[in-house]
Amino acid sequence: MKISTKKTANLDDIAELVANATDLDLKTAKKAVTATLYAIEEKVAEGKKVVFMSFGRFEAVLRPARTARNPRNGSEVNVPETWKPKFTPGSGFLGLVAEKRAEAN
């Protein structure tokens, strides 16, 4: 497997890792990754939490209505409440990122 120097990973990069880890062909791995992301989106949109132990948690959170300022003229703008997706990383993911980034520096 080649080491990428890109700063951003995309669907193809993730599918390649999945294909290598599972012995799936690249096309099937890409479908599996896409289907997994779709399933996460659907469950969160339904109001369910999606939890992968040690990786993290996806959930929908209600952002309350608030008053903001228009940066052009400073006038107040009312922003209605809205639902937003939120990801909270798990301890295993946090530890892995800290370890890998420390090695890279």
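Table for the structure above
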read-out	value
Tally of residues being among the hydroxyl-bearing types (S, T, Y), outside any loop (DSSP other than H, G, I, E, B) and farther than 22 Å from G47 by Cβ across the stretch 63-84	1
Residue match in the stretch 36-47 (condition: over 30 Å from A19 (Cβ atoms) and touching a Phe, Trp or Tyr at 6+ places or on another chain (Cβ under 8 Å))	no
Residue pairs meeting the criteria (Cβ under 6 Å; at least 6 apart or on separate chains; first among the acidic types (D, E), in the stretch 57-72; second surrounded by 10 or more Cβ atoms within 10 Å (Cβ to Cβ) and modelled with pLDDT of 95 or more)	E59/K49; E59/K86
Exclusive hit being under 13 Å from the mean Cα position of the chain (by Cα) and among the aliphatic types (A, V, I, L, M), set V61, V44, V97, V77	V44
Pairs with Cβ under 8 Å, 6+ apart, first in the stretch 30-41 and over 11 Å from A15 (Cβ atoms), second of a type in the set (F, W, Y)	I40/F58
The stretch 47-100 - residue that is aromatic (F, W, Y) and out of contact with any strand residue (DSSP E or B) (no Cβ under 6 Å at 6 or more places or on another chain) and, of those, nearest to T36 (Cα to Cα)	F52
Residue in the stretch 8-20 that is more than 14 Å from the chain's Cα centre (by Cα) and surrounded by fewer than 11 Cβ atoms within 10 Å (Cβ to Cβ) present	no
Which numbered condition E46 misses (of (1) at pLDDT 95 or above; (2) in contact with a helix residue (DSSP H, G or I) (Cβ under 9 Å, 6 or more places away or on another chain); (3) exposed (fewer than 13 other Cβ atoms within 10 Å of the Cβ))	(2)
Hits in the stretch 78-99 - residues which are surrounded by 11 or more Cβ atoms within 10 Å (Cβ to Cβ) and of a type in the set (A, V, I, L, M, F, W, C)	V79, W83, F87, F93, L94, L96, V97
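The values are calculated or read from the model by the stated rules, or taken from the named source; none is laboratory data. Computed from a predicted structure; not experimentally measured. Cβ: placed from backbone, ideal geometry, glycine included. Neighbour counts: every protein chain shown.
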